1. Scan region 39-59 for residues that are out of contact with any Asp or Glu (no Cβ under 7 Å at 6 or more places or on another chain), surrounded by 18 or more Cβ atoms within 10 Å (Cβ to Cβ) and free of Cβ contacts under 8 Å to residues at least 60 places away in the same chain and jot them down.
2. Could you check residue 249 against (1) farther than 26 Å from residue 157 by Cα; (2) surrounded by fewer than 22 Cβ atoms within 10 Å (Cβ to Cβ) and say which number it fails?
3. Out of the residues in region 66-125 that are assigned to a loop (DSSP other than H, G, I, E, B) and aliphatic (A, V, I, L, M), state the one that is surrounded by the fewest Cβ atoms within 10 Å (Cβ to Cβ).
4. Among the residues in region 232-249, are any small (Gly, Ala, Ser), part of a helix (DSSP H, G or I) and out of contact with any His (no Cβ under 6 Å at 6 or more places or on another chain)?
5. Looking at region 172-189, can you tell me whether even one residue there is in contact (Cβ under 8 Å) with a residue 24 or more places away in the chain, under 20 Å from residue 118 (Cβ atoms), in a strand (DSSP E or B) and in contact with a strand residue (DSSP E or B) (Cβ under 6 Å, 6 or more places away or on another chain)?
6. From the list 216, 208, which residue is within 17 Å of the chain's Cα centre (by Cα) and modelled with pLDDT under 95?
7. Enumerate the pairs (first residue in region 248-265 and within 15 Å of residue 47 (Cα to Cα); second residue anywhere and surrounded by 19 or more Cβ atoms within 10 Å (Cβ to Cβ) and of a type in the set (Gly, Ala, Ser)) with beta-carbon separation below 7 Å, excluding pairs fewer than 6 apart on the same chain, so at least 6 apart or on different chains.
8. Could you check region 4-27 and list, in sequence order, the residues that are closer than 24 Å to residue 257 by Cα and either among the polar types (S, T, N, Q) or part of a strand (DSSP E or B) (or both)?
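The values are calculated or read from the model by the stated rules, or taken from the named source; none is laboratory data. Remember, predicted model here, so these are calculated numbers, not experimental data. Positions of Cβ are generated from backbone atoms using ideal geometry, with glycine treated the same way; all protein chains shown enter the neighbour counts.
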Amino acid sequence: MATPVPIIDAHHHVWDPAVRAQPWLDSADERAPLRRPFTVADLTPLTAAAGVTATVVVQTVTEPTETPELLALARTSPLVSAVVGWADLTQPGIGDTLAELRAGPGGEFLAGLRHPLLTEPDPGWLARPDVGRGLMALAAAGLTFDLVLRPSQLAAAVRAAAALPELTFVLDHLGNVDVTAGTAPDQAWAASFGALAALPNTVCKLSGILGEAPAGQLRPYVDLALAAFGPPRLMFGSDWPVCTLRAGYLDVVARAVTLIADLSPAEQAAILAGTARAVYRPLRRAP
């Protein structure tokens, strides 16, 4: 498919349930099609067809062994250009852990960390002093923090990002808003979304939602994101293979391209690649 510029896919996953359990896949019957291996070898022909020339792979489980494996994958894959991993931010030695990850095979590809707030049992996790220390260690290391959360957790994310202006917070999937609920965005979500966007140390991924509904139904949400963050703080992500539950990879890319088609070439280039370059500094970059 033709695209305006080479694309960086700023959000996808890989896994093999036979190698490492993925408990979140067992939490809903609709996820049954995802209970099999998904590898970079599976993704590569899809990215080639879609004009995607570099990707960012993102963690899926809270196990310390996954991130080194993702870094090693980035070291050997011509496609994967940056890693958003996981480490226990609450541990006293988080700075040493980050240094060890960077010193290991592929450590130069580490761009940031993510913690699954979606399933975090502590509703006040982001406000904990030990988490704050961990986030400060991320900032000191020049890394980012991805936010994957429920819409009700956006307000806590706003407070955390405001308290740590030196750390870049990346909102995944527009905060997991339900884009199928109606034509107008929920007002409570929109207010928190706007408050997060008002902070200069935040960026947002047009990811997750692109597999949930046709472009026309997504338009109000994307327009709101464009108004709140602007193209220089928005980036495309496929959320492959999760997106395959409702849409193919090429469909997801096509929806993103369609939704930003009225923007200037420079604005389209920012969303499709430029923001990801600025935020994650991928070692293999789209031209």
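1. Residues satisfying the conditions are 40, 57.
2. (2)
3. From region 66-125, those assigned to a loop (DSSP other than H, G, I, E, B) are 77-79, 86-93, 104-106, 120-124; that's our starting set.
So of that shortlist, the ones also aliphatic (A, V, I, L, M) come out as 79, 87, 89.
Details: 79: 20, 87: 23, 89: 22.
Among them, the one singled out is 79.
4. To start, the set of residues in region 232-249 that are small (Gly, Ala, Ser) comprises 237-238, 247-248.
Going one step further and asking which of them are part of a helix (DSSP H, G or I), we end up with none.
No, region 232-249 has no match at all.
5. So far as region 172-189 goes, no, none of its residues is in contact (Cβ under 8 Å) with a residue 24 or more places away in the chain, under 20 Å from residue 118 (Cβ atoms), in a strand (DSSP E or B) and in contact with a strand residue (DSSP E or B) (Cβ under 6 Å, 6 or more places away or on another chain).
6. Values: 216 fails: within 17 Å of the chain's Cα centre (by Cα).
After ruling out the rest, the residue left standing is 208.
7. Partner pairs satisfying both residue conditions: 249/50; 249/238; 250/50; 252/211; 252/238; 253/50; 253/238.
8. Of everything in region 4-27, those that are closer than 24 Å to residue 257 by Cα and either among the polar types (S, T, N, Q) or part of a strand (DSSP E or B) (or both) turn out to be 7, 8, 9, 10, 11, 12.
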